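Only the coordinates and a few stated rules stand behind these numbers; no lab work does. Since the model is a prediction, treat every value here as computed from it, not as a measurement. Every residue, glycine among them, receives a Cβ derived from its backbone with ideal geometry; neighbour counts consider all protein chains shown.
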Amino acid sequence: MQNTNNLDLFDTHPYKEEILFLSKKDSDLRSLFLMYPHFQPFKRKKGFEGLVQLITEQQLSVVSAKAIFDRLKKLLIIFEPKDYLRLTDLDLRTTGLSRPKIKYCRILAENIISGDLSFNLIHKMDDEELKKSLCKIKGIGEWTAQCYMLASLNRRDVWPVKDIGLQVGVQRIKKLKKRPTEDEMIKVALSWKPYRSIVANVLWTSYD
């Protein structure tokens, strides 16, 4: 942790512009950035692999999800929808992936192969359209869609209000007695637009 109050340390930071903007908007964020100046952005691959990893991570700890996904990657030398569909449920269960998530990933793979989901198309959509398109697929909810936009597409103003880690992070920096509700999460982040993804990244770092 850094004890300095000098924002000059962000002069060469890839998110310098965003950090300076947010630090002026919110002194609590300024303190957070100074404590975690080397925070790491949440990154996932684009396309099928990234979405499968995010589905794997739903409602699991970081450690558990990573172990399961690492085992899945050993089964899938080529991480493509058709290769996933070739695996049996028994094969997939050996990774630790739950039955519902196995099914969700199959549905995702089928949607990609059929052309019902085109990454070339959705990647050109604005945030709201993209989220709606992904949420039409069974097993992909708002959290998964938003994290895909944030971690795979590097969209700068994504704010996954359902995320427990972010709720705890906001509770800490705002010194709240309990975790904020989703409505409270939306309100507290209004002044952080259009860089709420950057706030999410530093809060996740502080939570981990």
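Looking at the range 18-40, can you tell me whether even one residue there is at negative phi and touching a Gly at 6+ places or on another chain (Cβ under 8 Å)?
Within the range 18-40, not a single residue is at negative phi and touching a Gly at 6+ places or on another chain (Cβ under 8 Å).
Taking the range 132-153, which residues are charged (D, E, K, R) and part of a helix (DSSP H, G or I)?
Lys132, Glu142
Tell me which helices (runs of 4 or more DSSP H) are completely within the range 39-128 and hold 1 or more residues being surrounded by fewer than 14 Cβ atoms within 10 Å (Cβ to Cβ), or say none if there are none.
62-75, 81-86, 89-93, 99-114, 119-122
Are there any pairs with C-beta distances below 6 angstrom linking a residue in the range 7-25 that is closer than 22 Å to Ser191 by Cβ to a residue that is assigned to a helix (DSSP H, G or I) and charged (D, E, K, R), with the two at least 6 apart or on different chains, and if so which?
Sorted first by the residue in the range 7-25, then by its partner, the pairs are Phe10/Lys16; Ser23/Arg30.
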